[in-house]
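Asker: Structure in structure tokens, see below.
Derivation of every value follows stated rules applied to the coordinates shown; laboratory data play no part. Predicted model, so just to flag it, every value in this text is computed and none were measured. Reconstructed Cβ throughout: ideal geometry from the backbone, glycine too, with neighbour counts over all protein chains shown.
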Amino acid sequence: MKSPLILLVLSCTVVLAQVGVNLVRNPGFEEIAENGFPAEWHISPWVAYENSAGMSAGAPLFQVSTQSIFEGTRSLHYSNQTPGGKAVVSQNIPARPGKTYEFSICVRQVNQPDAPTTWPLKPRPGFFLEYHANGRYLTGKYDFETVQLENGWGRLIGRAVIPEEATETTIAFRAQPDGTTAAEFWFDSCAVVEILDETLPAHCITDQYRDMADGGQVTILQRMTRDAVMQLQAGRATIRMEILDAGGNIALSLVPAALRPTEAAFTFDAGVLSSGTYALRGLYANAESGASQTSFGTFTKVEKLPEFRTYVDEHRRLIVDGKPFFPLG
């Protein structure tokens, strides 16, 4: 097996950061307004809550629930047992233009009333930030990562920089059947927090060409600041790297094999994995400062690597068609 030593950057960027206070009011839907809907939140169209006729037979699409809760005593339940129809729940937040924010929400989903909880979510709920300038729509941040939690819950996490020209920022989520499948969701613990102390970005890297291997030892390097490494060495912080299969299940959970001045090294035997593409998830937490961060990347296990015409050998020579290439070889 050829194992080129080119260290290629994964599509995985991580920022170690401290975060500010949660800008979301009534983030866990605990406070109820006079109309029966969670205070501070708005729903559009209102018919989805007040009267679901024409969108879904039976109960309103959104209702406050005590049946399934991530934390606190309430959550917001969405149920649409007939395909089609959607509704958006939103709230304006005092985000500052030019600043970086992390937005997240916890969600649990079942496909049918009698079906077990499934992960990843299908159909997938929408979760996003939108920006306006004096009533005019500018743009939005609609992509997010999914992190599996316990008891069927997961967390949707995104990160965005607020446009300088934005005068209004809205956090919103929606649950929309895919046209053929009924859907049932619970939402809880929404947050939008400013990244206050953003250090130098760092990256996951691997010693495998194109992030692929057909077996053998693979090393993942997680770069970070010197201070973050010192916190790990002092036992004030922890970091682990998880390798997840296509279903979001943890195939391997790794602790650092080595800590260096500006990185942590994780090693694993690719031979224990089945063929397929895996998600990499780095989890860093500092118990004292409260700083936390999640990184994402990918790794592919193949049955047999293709033949490479060009690679770098253990002496850092460029090899082309089996021979050192001058002047780099």
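Asker: Which of the aspartates and glutamates could be linked to LYS141 by a straight reach, that is with a Cα gap under 12 Å, when you skip same-chain ones fewer than 8 residues away?
Answerer: Straight-distance partners of LYS141: GLU102, GLU130.
Asker: Here is a further query. Karplus couplings for the range 88-95 from phi (6.51 cos²θ - 1.76 cosθ + 1.60, θ = phi - 60°), rounded to Hz, Gly and Pro as x?
Answerer: So the Karplus estimates, Gly and Pro as x, are 10, 10, 9, 7, 6, 10, x, 6 Hz.
Asker: Here's a follow-up. Do any trypsin sites (Lys or Arg not before Pro) in the range 204-299 lie in a loop, going by DSSP, with at most 16 other beta-carbon atoms within 10 Å of their beta carbon, and if so which? Please list the in-between numbers first.
Answerer: On the way: sites: ARG210, ARG223, ARG226, ARG236, ARG240, ARG281; in loops: ARG236.
Answer by residue number: ARG236.
Asker: Still on this model: What are the ³J(HN,Hα) couplings of the range 154-163, residue after residue, when phi is run through the Karplus curve with 6.51, -1.76, 1.60 and θ = phi - 60°? Round to Hz, x for glycine and proline.
Answerer: Per residue, the Karplus-derived 3J(HN,Hα) values read x, 10, 8, 10, x, 9, 8, 9, 6, x Hz.
Asker: Mind ordering 188-195, 89-96, 33-40 by average Cβ neighbours within 10 Å, highest first? Provide the component values of the computation, followed by the final result.
Answerer: Values: 188-195: 21.2, 89-96: 17.1, 33-40: 14.0.
For the peptides 188-195, 89-96, 33-40, the packing ranking is 188-195, 89-96, 33-40.
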